[in-house]
There are 4 protein chains.
Amino acid sequence: MTRVAVLGAAGYIGGELLRLLVGHPEVEVAAAVSSRFPGRRVDTVHPNLRAVTDLVFTDPEEAARREYDAVLLATPHRKTAELVRDWSGRVKTVIDLSGDFRLRDAEVFERYYGAEHPVPELLGTFTPGIPELYREELRTADRISVPGCMAAAGLLAIAPLAARGLLTGRVELDARTGSSGSGVTAGEANLHAERSGAMRVFAPVGHRHEAEIAQLTGLDVRMTATGVEAVRGVQVVARVEAAEGVDDLAIRRAYREAYRDEPFVRIVAQRRGTYRYPEPKILIGSNFCDVGHVYDEKSGRLVLIAALDNLVKGGAGNAVQCLNIRTGRPEGLGLSFPGLHPI
Amino acid sequence: MTRVAVLGAAGYIGGELLRLLVGHPEVEVAAAVSSRFPGRRVDTVHPNLRAVTDLVFTDPEEAARREYDAVLLATPHRKTAELVRDWSGRVKTVIDLSGDFRLRDAEVFERYYGAEHPVPELLGTFTPGIPELYREELRTADRISVPGCMAAAGLLAIAPLAARGLLTGRVELDARTGSSGSGVTAGEANLHAERSGAMRVFAPVGHRHEAEIAQLTGLDVRMTATGVEAVRGVQVVARVEAAEGVDDLAIRRAYREAYRDEPFVRIVAQRRGTYRYPEPKILIGSNFCDVGHVYDEKSGRLVLIAALDNLVKGGAGNAVQCLNIRTGRPEGLGLSFPGLHPI
Amino acid sequence: MTRVAVLGAAGYIGGELLRLLVGHPEVEVAAAVSSRFPGRRVDTVHPNLRAVTDLVFTDPEEAARREYDAVLLATPHRKTAELVRDWSGRVKTVIDLSGDFRLRDAEVFERYYGAEHPVPELLGTFTPGIPELYREELRTADRISVPGCMAAAGLLAIAPLAARGLLTGRVELDARTGSSGSGVTAGEANLHAERSGAMRVFAPVGHRHEAEIAQLTGLDVRMTATGVEAVRGVQVVARVEAAEGVDDLAIRRAYREAYRDEPFVRIVAQRRGTYRYPEPKILIGSNFCDVGHVYDEKSGRLVLIAALDNLVKGGAGNAVQCLNIRTGRPEGLGLSFPGLHPI
Amino acid sequence: MTRVAVLGAAGYIGGELLRLLVGHPEVEVAAAVSSRFPGRRVDTVHPNLRAVTDLVFTDPEEAARREYDAVLLATPHRKTAELVRDWSGRVKTVIDLSGDFRLRDAEVFERYYGAEHPVPELLGTFTPGIPELYREELRTADRISVPGCMAAAGLLAIAPLAARGLLTGRVELDARTGSSGSGVTAGEANLHAERSGAMRVFAPVGHRHEAEIAQLTGLDVRMTATGVEAVRGVQVVARVEAAEGVDDLAIRRAYREAYRDEPFVRIVAQRRGTYRYPEPKILIGSNFCDVGHVYDEKSGRLVLIAALDNLVKGGAGNAVQCLNIRTGRPEGLGLSFPGLHPI
């Protein structure tokens, strides 16, 4: 049994961590920490957990007095960095789901987050929480930084091709996302009457997740982010250029090599039908990331598509997968829900 | 030209009043009043009005210094009663879209609103803003109280039958509504991620609009209200009992008599097809209320169905129709948009 | 291991059966039968099952030549009755998810289904697939008929009170449902552009599921069914009358007695918050049915509310629960997914 | 009065033409032509037109015997070309809303439509139905071809900059669209249960509308098209490169010059707020196209965004605007609906 604390447990990512960890056969949630609702039952905030757990939210101070094997932080940006500093050394493994330690360069952080990093000395001490790229490092990592949801999807689409030198030039990346990414404290702009049916370009340039993809692939990434009608779900569509002489077979081979044995990346390569490209809605609740591509050899146009559930493979599920790796357990433990159709 | 002020102009009902009145050929919006956004362009809050109006929100104090022919109040409950008291006498016509003067009995008001009426001396001085039932009175009314959105739909379904003595026993009324009814200041429960796809029974018993229907029909009305996925739209389904000897022909004749010449009530009596009962979505933006029924003579089961756009026929459009009547103009002026299909 | 065949496996209920049975640790899906897609991979039709199963659809004739412990039928009404006749005797257990054997009385069947029953001799030989009411019978039942989705929700709300004599008079039942209930072969009326955002009263009177509730509770049930915006999800709101002298405590006690040990019925009795009544959306993918009530003792108004996922507890999940009971296994095997929040 | 016939009047674009033309003060709909529903009332198919018109669908043969000033074709691709040939010469003005005459080059047509053009001799005889670019030509045009919905949005975003030489390199264009674009005869893939909540990349490369934008701007356009959750609405996001030395002021000036006097193009240039970029949902039912941009001078990244209602400015509304120009009437006649907020 691994004893864990979840910080920020009343938020959307926090709730998803609870759902997965409470259902995990070898993890014990020793504290579901919330400064907003200490003493209240977890299921009053996350009603899907009724009859599933009797957990009660713990006050942060109280939580700090207990012992854990791992702490998972689903707390706000900036504030998280300080919490990480406080918890480092006190527990074996810190898994951070905020944006605070995704970028390694203090300058890049400042450019994208609009503020100095509060704990710069810890920058660069985190292993990216991306099993597909950092599995070996994750087995022994003390600090893990789970990537942003759109970054995770973008990386899984781009990295295998970038790593094999199949791409050239810059990446034009269009990301679409549901409303849950804005969190439970989102304001008036996220009222149902405003957000419903929206195609809201909320970051035409400069979204933070673009820096994560650039950092790990070395490419010039230009991302546009749009909120569309969905609660959960992220889809990225990357328009890239294949390097000289690259044909479709090379692309397919690269994906196959990269993902053949991956438990949570599926290559979608169906010729016809409604679901021939990655579609987030059938991934809701699941830890899969689906990846597909179209390469028009004649024009040299290469389009990569990836989809995932932002709260699962784009957040909590990815964190649990990392925890499984870190604790030497089968990677898919507690992550078996396959998604639904229709939905 | 009729000079009007719209109070609460930054809200959802307020915005709809502006849309209709700015497009009205014989009305001048002399003040769009907002305490939140004085000095800001109206179209920064209501983006559909870009290039349609250059209006700027007026501060309440500034607005109080000008002259108008009519004042329309789309302000919060309780606060509105005091505004009405202040404005009464100063303008010819007060049209209140809040709930403050819909009920005539102070005791009933207190039961349903959970507080004493702030200006009880004005209770009972308002004419209900229901052209179909109070057209003659509205021609000369100084104070008009526009009914609640679900009450309006319920009344238009029930009143013609009740008035002709065709009903007996009590009314079981199921009302469904979109999210815009909660207003622009709705809280966390109305975040898109929470409200999306909901079937939220928010008032299993005791909803205020039920008292309005009871008051005007004299029937025992038992209403349940559920929020469903929609921004605009109200539908009521009333299960009623036909009086002894009433047949389907009598029901149909009653509706026909009542609504034959009504410009904004349509009797839906299609035998087949997708839209054979009133459906709110095709009414979005329109001032129509659609009314239909099914009477199973064998079992005596009579089901009445009505639908409207809560912000138009259930609010702002109804108010404009009343204003047209009050000012002696053609009733449909500025209200010609028919709704869309598909949508 | 229990070997099963799923008939109608390319439909929505069929797909859900496959999802649950493929993930079930002690069931082997020996045939996923489809007359439309024989030879095609199951995951080309149900894309959520990619990387989850390599199953291929089997032709009905080929499927008929194999041996199974149980057959589950998710085939169309009428046609199913004949399939049941063919399979009876050939396998130990037949679980029918169609409407063909839900009603026991040939006359009632004819009234509600508009046609004579094709195999009347088998009527009345089925045990209702409702673990909460027929658990003992299900342990040895050879033929099980899973109730309709709205009937299941209605029964779980009403039966405990009816059985204890707490109700009197008739039941006014309002049922709301998502679009998946119409199946994969639904026509033009179910196109997204028509069905989206709908509040479609598709059965103001006479819906078939009402007869199921009446049959098992002995009450006069009057149901109205409306399609609302959702893919999955059923909610019923039943307005009933409490018998003389019944107070809120008696209602609560009845539910507690009935459901205290039920693994898949949750009593929702939260005083405040967004989810204080049963809400289908947090049940998507889960086998829970949530039940709640409001009793206004003063007026005697009693409102019962139940919610479930029509494809799970209202269909495939319920069938798997019955199969677990029938095969002497823990009832929740393969049914542990709790639902999501937010969604 | 202008007498018009609408061909394909039972479809979605056809219904929208009827809504606009029936409400047009100087147009008479002399025939609403449908081969599917001859003799049926128009409002049985388009329920929003109940009480708005008593029109009955006319059989194509019967329709062919009458006289009109203009014929508007909302008929299927390929079939339309032949209808155009038949009607040319018989009426003064043919306005085609299909794709058959949007491309001028037979070879390009064949590449994008996958078939030879059925009436190549008429290719190139059509004036593009884009008032903003071809107003003078439209005043006397006998044949008008209304652009595709995504092409219209793309062109209005790109053309003013392209025409002034402000752009270089290629255009990466991401288009998102609602479900109504698939038409009333769409199949299983467009069932609500499949299409709801989708992010369906239906044309990663090679969408027909891309060829229209390329043809009129001379640029290399690479478009990806995705269906998102909406019934109406198109949004395009174009990533382009500014030519050497172009600054933000030049971009803004170009748009202002191009659209200052345009009645139906609005430049969205709000610094903050929820609606600071073009958003289709507030345009539903309106003939506006909203255009905005972001230019990050430092990185040289220029993002153009346009939004419209695909059935109005992307189809029927644009056609009516062209008809108004062609008949010498005020351009906005019958097109005054501004759109809604919230919606």
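The values are calculated or read from the model by the stated rules, or taken from the named source; none is laboratory data. Keep in mind the model is a prediction, meaning the values are calculated, not measured. Note that we place each Cβ from the backbone using ideal geometry, even for glycine, and neighbour counts take in every protein chain shown. Ligands, DNA and RNA are excluded from the accessible area calculation, which covers all protein heavy atoms including side chains. Shrake-Rupley method; radii C 1.70, N 1.55, O 1.52, S 1.80 Å.
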Give me the residue from segment B:3-20 that is within 22 Å of the chain's Cα centre (by Cα) and outside any helix (DSSP H, G or I) and, out of that set, farthest from the other protein chains (Cβ to nearest Cβ).
B:ALA5
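Looking at D:SER180, D:SER145, can you tell me which residue is in contact (Cβ under 8 Å) with a residue 60 or more places away in the chain and within 15 Å of the chain's Cα centre (by Cα)?
On the way: D:SER145 fails: in contact (Cβ under 8 Å) with a residue 60 or more places away in the chain.
When all the criteria are applied, what remains is D:SER180.
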Mind listing just one residue for me: the one in segment D:218-228 that is open to solvent by less than 20 Å² (accessible area, probe 1.4 Å) and not polar (S, T, N, Q) and, of those, nearest to the other protein chains (Cβ to nearest Cβ)?
D:VAL228
If you go through segment D:181-211 one residue at a time, how many are among the hydroxyl-bearing types (Ser, Thr, Tyr) and modelled with pLDDT of 90 or more?
2
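From the list C:PRO263, C:PRO278, exactly one residue is open to solvent by less than 10 Å² (accessible area, probe 1.4 Å), part of a loop (DSSP other than H, G, I, E, B) and within 11 Å of another protein chain (Cβ to nearest Cβ). Which is it?
Values: C:PRO263 fails: open to solvent by less than 10 Å² (accessible area, probe 1.4 Å).
Just one listed residue meets the conditions, C:PRO278.
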Using beta carbons and a limit of 6 Å, which pairs, at least six apart or on different chains, have the first residue in segment D:1-12 and at positive phi and the second one buried (at least 23 other Cβ atoms within 10 Å of the Cβ)?
D:GLY8/D:GLY14; D:GLY8/D:ALA74; D:GLY8/D:THR75
Output the number of residues of segment B:75-100 satisfying the condition of being open to solvent by less than 10 Å² (accessible area, probe 1.4 Å) and part of a loop (DSSP other than H, G, I, E, B).
3
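Consider A:VAL146 carefully, then state whether it is of a type in the set (Val, Ile, Thr) and out of contact with any Leu (no Cβ under 6 Å at 6 or more places or on another chain).
Numbers: of a type in the set (Val, Ile, Thr): yes; out of contact with any Leu (no Cβ under 6 Å at 6 or more places or on another chain): no.
Criteria not met by A:VAL146.
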Out of C:ARG232, C:ARG222, report the one residue that is within 21 Å of the chain's Cα centre (by Cα) and assigned to a loop (DSSP other than H, G, I, E, B).
C:ARG232
Tell me yes or no: at least one residue of segment A:15-37 is open to solvent by 20 Å² or more (accessible area, probe 1.4 Å) and among the polar types (S, T, N, Q).
yes
Is there a residue being more than 23 Å from D:ARG326 (Cβ to Cβ) and away from every other protein chain (no Cβ under 14 Å) anywhere in segment D:21-37?
yes
If I filter segment C:40-63 for residues that are surrounded by 20 or more Cβ atoms within 10 Å (Cβ to Cβ), without any contact (Cβ under 8 Å) to a residue 40 or more places away in the chain, acidic (Asp, Glu) and touching a helix residue (DSSP H, G or I) at 6+ places or on another chain (Cβ under 9 Å), do I get at least one hit?
yes
Just the residues that are more than 10 Å from chain C (Cβ to nearest Cβ) and out of contact with any Ser or Thr (no Cβ under 9 Å at 6 or more places or on another chain), please, taken from segment A:38-54.
A:ASP54
Inside segment B:101-129, the number of residues satisfying the requirement of being surrounded by fewer than 14 Cβ atoms within 10 Å (Cβ to Cβ) and assigned to a strand (DSSP E or B) is 0
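Quick check on this structure: which one of D:GLN215, D:GLN270 is at pLDDT 95 or above and in the same structural domain as D:ARG301 (by TED's automatic domain parsing)? Before the answer, list the steps.
On the way: D:GLN270 fails: at pLDDT 95 or above.
Only one candidate qualifies: D:GLN215.
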Sort through C:ALA258, C:ALA250, C:ALA243 and tell me the only one that's more than 14 Å from chain B (Cβ to nearest Cβ), touching a Ser or Thr at 6+ places or on another chain (Cβ under 6 Å) and open to solvent by 10 Å² or more (accessible area, probe 1.4 Å).
C:ALA243
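When you go through C:GLY227, C:GLY285, C:GLY292 one by one, which is the residue that is under 17 Å from the mean Cα position of the chain (by Cα) and part of a strand (DSSP E or B)? Break it down into steps so the answer makes sense when it comes.
Values: C:GLY285 fails: part of a strand (DSSP E or B); C:GLY292 fails: under 17 Å from the mean Cα position of the chain (by Cα).
After ruling out the rest, the residue left standing is C:GLY227.
In the list C:GLY300, C:GLY292, C:GLY317, C:GLY328, which residue meets the criterion of being farther than 19 Å from A:GLY23 by Cβ, open to solvent by less than 10 Å² (accessible area, probe 1.4 Å) and more than 8 Å from every other protein chain (Cβ to nearest Cβ)? Before the answer, list the steps.
Details: C:GLY300 fails: open to solvent by less than 10 Å² (accessible area, probe 1.4 Å); C:GLY317 fails: farther than 19 Å from A:GLY23 by Cβ; C:GLY328 fails: open to solvent by less than 10 Å² (accessible area, probe 1.4 Å).
After ruling out the rest, the residue left standing is C:GLY292.
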Out of all the residues in segment D:190-207, which are in contact with a strand residue (DSSP E or B) (Cβ under 8 Å, 6 or more places away or on another chain) and under 16 Å from C:ARG195 (Cβ atoms)?
D:ASN190, D:LEU191, D:HIS192, D:ARG195, D:ALA198
Can you pull out every residue in segment B:123-169 that is touching a strand residue (DSSP E or B) at 6+ places or on another chain (Cβ under 7 Å) and on the phi > 0 side of the Ramachandran plot?
B:GLY169
Anything in segment D:303-314 that is within 16 Å of D:GLY181 (Cβ to Cβ) and either out of contact with any Ser or Thr (no Cβ under 7 Å at 6 or more places or on another chain) or surrounded by fewer than 22 Cβ atoms within 10 Å (Cβ to Cβ) (or both)? List them, or say none.
D:ALA306, D:ALA307, D:LEU308, D:LYS313, D:GLY314
